[in-house]
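The structure under discussion appears below in the form of structure tokens.
The values are calculated or read from the model by the stated rules, or taken from the named source; none is laboratory data. A quick note: this is a predicted structure, and the numbers were derived from the prediction, not measured. Don't worry about glycine lacking a Cβ; one is built from the backbone with ideal geometry, like all the others, and counts go over all protein chains shown.
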Amino acid sequence: MKKIFPFFIILSIFISACGTGTTTPVAVDSETPEPATGTEPALSAEPTPEAAPRLGVSEEALNGLEITVWTPWYGVEQSLFETFVKEFNESNEWGIKVAAQSQVNFTNLYEATTAALPTTGKPDVVIALPEHAQAWFAEGVTSDLTEYADDPLYGINAEDIPYVIWSQDISGNVRVALPAQRAAQVMLWNKTWAEDLNIKDAPEAAEDFRTQSCRAHDSMKKDELAENDATGGWLVNTAPMTAYSWLLAFDGGVLEGGNYRFLTPENIEAFKFLRELAESNCSWQGSANAVESFAKREALFITVSLNELPDVTRAFASLDNRDEWIVLPFPGASGGVIAVYGSSYVMLKSTDEEQLAAWLFMRWLLEDEQDARWVEATHNFPLRDSTLSLLGDYEKTHPQWRQAVDLIPRGELQPQAGSWRTIKIMLGDGFDHMYRVNVSSGQVAAILAQMESTAKDLSK
């Protein structure tokens with residue numbers, strides 16, 4: 001991977017020397033289209049038991065077949081996945097045997113898989129990030145899952161899977177993977193504290209968010225504690241998907257016409273808004289624990305990943321804080337947005353028999369029962385609408401999780417490109433740099449120009 005940080009070490013000099021000139025858009029992976037916005041994908045037909053398969057493999061050929069799956073997990077997720085493997089091995093009607101091997105994290109998994117691709121020791125299935133799947137597809141080492149998804153006997157009912165979850169793993173007309181897990185960065189809002197500040201409604205537009213953040217900050221200066229005077233509003237989170245979500249909230253993004261494009265009026269407006277929020281002390285940094293600060297009424301808003309919601313519940317309980325807090329999208333021009341992300345099941349090319357065995361295991365993992373158990377263990381989104389019928393008790397004890405699920409129709413895709421693997425890191429680095437060196441709101445165009453230039457280098 002190319003080094004990213006040096007681009008931002010020299011950025012202070014760049015800002016003082018440069019204006020807001022544009023740079024040439026950079027082509028992303030040529031086989032990868034810009035994410036669709038509003039066009040529903042072609043949906044697979046509901047498989048029927050009477051239908052005949054079109055995949056050219058007899059069921060007898062599957063009996064005793066062994067496939068290997070590499071995962072990025074350890075701990076709870078790996079333990080549950082190994083339980084799934086055991087259950088599938090004991091119950092599947094075809095006699096397929098699955099072996100799972102942990103690669104500990106996504107970085108190790110990507111590197112190990114890439115190294116193994118030319119060898120006979122490569123796995124049959126990899127649970128990787130969608131951008132990893134896109135990169136491997138571009139190299140011609142993954143299988144097109146379209147015919148499997150559409151097969152009349154072995155296919156999958158895509159109508160039961162939300163568009164933003166189902167469509168991330170598309171490249172042109174090819175399905176390069178299946179969703180394994182999906183989550184999002186979300187905004188949390190302390191409703192009870194807001195009401196104490198005479199705020200009645202959750203913010204929908206960016207200006208509402210600014211007004212409420214500033215009112216919370218002003219309230220901190222009215223008590224007798226000098227040490228909390230800089231707190232109160234949005235507690236800044238500089239994760240890459242936070243930056244990306246803010247760009248989307250202002251109708252911006254990182255792609256334009258299939259090319260990486262950062263220096264746009266919408267993106268300038270988004271970053272300018274965020275820097276003005278910091279300049280007026282209506283957003284702040286410096287907390288060692290964002291969740292704890294939220295529970296202590298030090299921040300009216302914080303940004304967390306979906307799987308952190310139980311941590312927030314525990315933090316409020318430990319402080320005996322009975323405030324009501326709710327989940328919100330990132331407020332902006334269109335009333336709010338979330339960026340959905342997560343891992344995917346990727347099938348590497350092998351024999352027809354091994355590929356069908358791999359498909360049948362992946363399809364089984366996507367069934368409601370397994371999907372519901374994933375949710376209960378990871379607190380991520382359900383992958384299927386029908387899974388919600390199995391999560392009634394979970395929903396009752398995790399109401400904020402249900403609020404997040406209700407935001408799925410507002411979800412947006414990540415770029416469907418292998419180069420997103422490095423571009424998103426660069427985006428997070430640049431966003432963090434903007435706060436670390438206190439870039440003024442009038443200079444955010446220079447940050448975006450540097451991001452665009454860096455994206456060009458990284459996607460070569």
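Values computed for the structure shown
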{"quantity": "Filter result (farther than 25 Å from GLY336 by Cβ and assigned to a helix (DSSP H, G or I)) within segment 397-426", "calculated": "THR397, ARG421, THR422, ILE425, MET426"}
{"quantity": "Subset of segment 348-375 [assigned to a helix (DSSP H, G or I) and of a type in the set (Asp, Glu)]", "calculated": "ASP352, GLU353, GLU354, ASP368, GLU369, ASP371"}
{"quantity": "Options LYS222, LYS296: the member that is of a type in the set (Lys, Arg) and in contact (Cβ under 8 Å) with a residue 12 or more places away in the chain", "calculated": "LYS296"}
{"quantity": "Residue match in segment 203-221 (condition: assigned by TED's automatic domain parsing to the domain that holds ALA288, hydrophobic (A, V, I, L, M, F, W, C), in a loop (DSSP other than H, G, I, E, B) and in contact with a Gly (Cβ under 9 Å, 6 or more places away or on another chain))", "calculated": "yes"}
{"quantity": "Test: residue in segment 355-368 that is farther than 19 Å from VAL85 by Cα and either surrounded by 23 or more Cβ atoms within 10 Å (Cβ to Cβ) or in the same structural domain as LEU407 (by TED's automatic domain parsing) (or both)", "calculated": "no"}
{"quantity": "Candidates LEU365, LEU360, LEU319, LEU388 - the one that is aliphatic (A, V, I, L, M), without any contact (Cβ under 8 Å) to a residue 40 or more places away in the chain and out of contact with any Pro (no Cβ under 9 Å at 6 or more places or on another chain)", "calculated": "LEU319"}
{"quantity": "Output for segment 77-135, where each listed residue is of a type in the set (Ser, Thr, Tyr), within 20 Å of THR351 (Cβ to Cβ) and surrounded by fewer than 16 Cβ atoms within 10 Å (Cβ to Cβ)", "calculated": "THR119, THR120"}
{"quantity": "Subset of segment 159-185 [touching an Asp or Glu at 6+ places or on another chain (Cβ under 9 Å), among the aliphatic types (A, V, I, L, M) and either part of a helix (DSSP H, G or I) or crowded, with 22+ Cβ neighbours inside 10 Å (or both)]", "calculated": "ILE161, VAL164, VAL176, ALA177, LEU178"}
